[in-house]
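The values are calculated or read from the model by the stated rules, or taken from the named source; none is laboratory data. The structure displayed is predicted, hence computed values, not measured ones. Cβ atoms come from the backbone with ideal geometry, glycine included; neighbour counts cover every protein chain shown.
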Amino acid sequence: MDPLKKNIGLWSAISIVIGSVIGSSIFMKPATMAGQLGSPPLLIAVWRIAGIISLFGGMIFAELGSLFPETGGQYIYLQKTYGNFIAFLYGWSTIAVINTAGIASVAFVFAEYSGYFYHLPRFDPVTEHAIKLHITFVGDIFPLQNFGVKMLAISIIGGLTLVNYISVRSGNAIQLIATLVKTAALVLMIFGILFSGSGSVKNFFTDSSQFHLSGWSLFAAFMAATTGAFASYDGWVNVNMVAGEIKDPHKNLSKSLVIGICACITIYVLINLAYMYVLPMDKMAASPLVASVAAEKIMGVSGGRIIALLIIISTFGATNVNLLTNAWIVFAMGEDGTFFSWAGRVHRRFNTPGNSIIVMGVWSSLFVISGSFDALADMFIFMSWVFYGLTAISIFTLRKKMPGAYRPYKVKPYPLIPIIFIVFTLFYLATTLYGDISDYNKGLSPVINSVFGLVLTAAGIPLYGYFKKQNRPK
């Protein structure tokens, strides 16, 4: 018997996929990716390939979601496959790295685009490097670097933490407005720039003056740029939350994934073409606020300001929703004894998960101090894909352990899609780890972002022993 009502149609499922995927990274990451690759055709290829791999991941998670249509999602899949220890490390990683670094990175986008309207104070280079926190095997953190942007980002996180601490309902209206504004920014960028006639089609085929990649260095750069694309596509995992509630899931789930993610691929390719139409590769790589810089080329300073304002509103809403929804994970872990019990308490007066919201707000703020947008995005994406890979492997184990279990949706063709996804994930993780270490050794990065994420995740190992001892029957 099917335990869930089927009340989500095809078009509703498609909107869930698109709404979950399109975020704030598309307004900044293309600049970094242009610098990494230096080739327009390769840049577009990254967006297409990352989109296809994300589609395969969505299909795998959709099967697992239909098999276990219960609260907990990825935590449950890992627990059923590997046991409590790996499931705990995933839950801990969402607190210590994935979700908190994600919140911090979006707040960074807000703060950096705010600098388009007014100058954010910054210390001179000597002062910025006056305080250095060295972490063995990880690198050096400079808290005073880009101080104005960091303080504004922390202020936004702090303000939204207070709003959600007092009233969960107050934050919901913010998200609706932010979603509409984000859509408006994307539409304005695509149509306003591509149909302006003020750019150059030659930019679509002209490599950067610095382009000299070949062989392994080209492959490593391609995989490094994939991190930026994955940051923008991240959200496909959310489809598993509703897999068991989709009407005729055998047909509509796969259709919604294919149509939804293909729509996102199309949107992202068009946005990048819009950037490239008015900004050659060298200029694009040198423009961190690439969306506003591109808009300014066509619509003047006022156009750049309009886009910056839309992005600010969008990222404000994204910071809010990420802070609130991820606080519930902390709350659930505190409630079931896999985290500190005080994190699982409801505020007596405000009836909110107040303590868990504070945990997310404070930890996210510490992440802001530790790095930059690119560093934070790279770290949370790397750790996300560590667990995406582990979860994808579980599909083979669970098909053997539970062959007769009810699955409204099954991945097809099987096992081809899971194998492709897992192999690509392994290549991505290995090349990212190698690239991060190489960049650190060459002095190109003060922190080995992937190792930092692994170290923070490993810090949960002694906590697992502590909570296991605390919950042992006496």
**Complete:** Over segment 409-444, the set of residues closer than 21 Å to Met383 by Cβ and hydroxyl-bearing (Ser, Thr, Tyr) is Thr425, Tyr428, Thr431, Thr432, Tyr434, Ser438, Tyr440
**Fill in**
Scanning segment 26-63 for residues that are of a type in the set (S, T, N, Q) and surrounded by fewer than 24 Cβ atoms within 10 Å (Cβ to Cβ), the one nearest to Tyr428 (Cα to Cα) turns out to be Gln36
**Prompt:** Does segment 203-242 hold any residues that are at pLDDT below 85 and more than 21 Å from the chain's Cα centre (by Cα), and which are they?
**Reply:** Gln210, Phe211, His212, Leu213, Ser214, Gly215, Trp216, Ser217
**Message:** Criterion first (buried (at least 24 other Cβ atoms within 10 Å of the Cβ), closer than 27 Å to Phe117 by Cβ and either at pLDDT 90 or above or in contact with a His (Cβ under 6 Å, 6 or more places away or on another chain) (or both)) does Val278 satisfy it?
**Reply:** no
**Prompt:** If you check Thr100, Thr136, which single one turns out to be surrounded by fewer than 23 Cβ atoms within 10 Å (Cβ to Cβ), closer than 20 Å to Ser450 by Cβ and not aliphatic (A, V, I, L, M)?
**Reply:** Thr136
**Message:** For segment 253-275: of the residues being of a type outside the set (A, V, I, L, M) and crowded, with 22+ Cβ neighbours inside 10 Å, which is farthest from Thr32 (Cα to Cα)?
**Reply:** Ser256
**Prompt:** Quick one: in segment 448-474, which of the residues that are outside any helix (DSSP H, G or I) and at pLDDT 90 or above is surrounded by the fewest Cβ atoms within 10 Å (Cβ to Cβ)?
**Reply:** Ala459
**Phe350 vs. criteria aromatic (Phe, Trp, Tyr) and crowded, with 20+ Cβ neighbours inside 10 Å** = no
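To keep it simple, each residue is scored yes or no on (1) at pLDDT below 80; (2) within 26 Å of Thr457 (Cβ to Cβ).
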residue	(1), (2)
Lys5	yes, no
Gly19	yes, no
Leu42	no, no
Glu70	yes, yes
Tyr75	no, yes
Thr81	no, yes
**Message:** Being in contact with an Asp or Glu (Cβ under 8 Å, 6 or more places away or on another chain) and assigned to a helix (DSSP H, G or I) narrows it down to one residue among Ile76, Ile103, Ile190; which is it?
**Reply:** Ile76
**Request:** Being on the phi > 0 side of the Ramachandran plot and either aliphatic (A, V, I, L, M) or in contact with a Ser or Thr (Cβ under 9 Å, 6 or more places away or on another chain) (or both) narrows it down to one of Gly83, Gly91, Gly38, so name that one.
**Result:** Gly38
**Request:** Report whether or not Thr352 is outside any helix (DSSP H, G or I) and of a type in the set (Ser, Thr, Tyr).
**Result:** yes
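So which residues in segment 382-407 are of a type in the set (A, V, I, L, M) and over 18 Å from Ala87 (Cα atoms)?
Met402, Ala405 - these are the residues of segment 382-407 that are of a type in the set (A, V, I, L, M) and over 18 Å from Ala87 (Cα atoms).
Just to check your reading of the model, which residue among Ile358, Ile329 is part of a helix (DSSP H, G or I), out of contact with any helix residue (DSSP H, G or I) (no Cβ under 6 Å at 6 or more places or on another chain) and in contact (Cβ under 8 Å) with a residue 12 or more places away in the chain?
Ile358 is the lone residue from the list that is part of a helix (DSSP H, G or I), out of contact with any helix residue (DSSP H, G or I) (no Cβ under 6 Å at 6 or more places or on another chain) and in contact (Cβ under 8 Å) with a residue 12 or more places away in the chain.
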**Asked** When only residues in segment 430-446 that are of a type in the set (A, V, I, L, M) and either over 19 Å from the mean Cα position of the chain (by Cα) or over 17 Å from Ala375 (Cβ atoms) (or both) count, which is surrounded by the most Cβ atoms within 10 Å (Cβ to Cβ)?
**Response** Ile437
**Request:** Considering every residue within segment 59-68, establish whether at least one is closer than 23 Å to Met360 by Cβ, at pLDDT 90 or above and not aromatic (Phe, Trp, Tyr).
**Result:** no
**Message:** Restricting to segment 38-73, name every residue that is farther than 24 Å from Tyr414 by Cβ and assigned to a helix (DSSP H, G or I).
**Reply:** Pro40, Pro41, Leu42, Leu43, Ile44, Ala45, Val46, Trp47
**Asked** Residues Ile358, Ile419, Ile395, Ile369: which one is surrounded by 22 or more Cβ atoms within 10 Å (Cβ to Cβ) and of a type outside the set (Gly, Ala, Ser)?
**Response** Ile395
**Asked** Can you find even one residue in segment 227-235 that is out of contact with any strand residue (DSSP E or B) (no Cβ under 9 Å at 6 or more places or on another chain), closer than 26 Å to Val109 by Cβ and of a type in the set (D, E, K, R)?
**Response** yes
**Message:** Looking for something of a type in the set (A, V, I, L, M, F, W, C), at pLDDT below 80 and closer than 30 Å to Ile313 by Cα - is there at least one such residue anywhere in segment 159-172?
**Reply:** yes
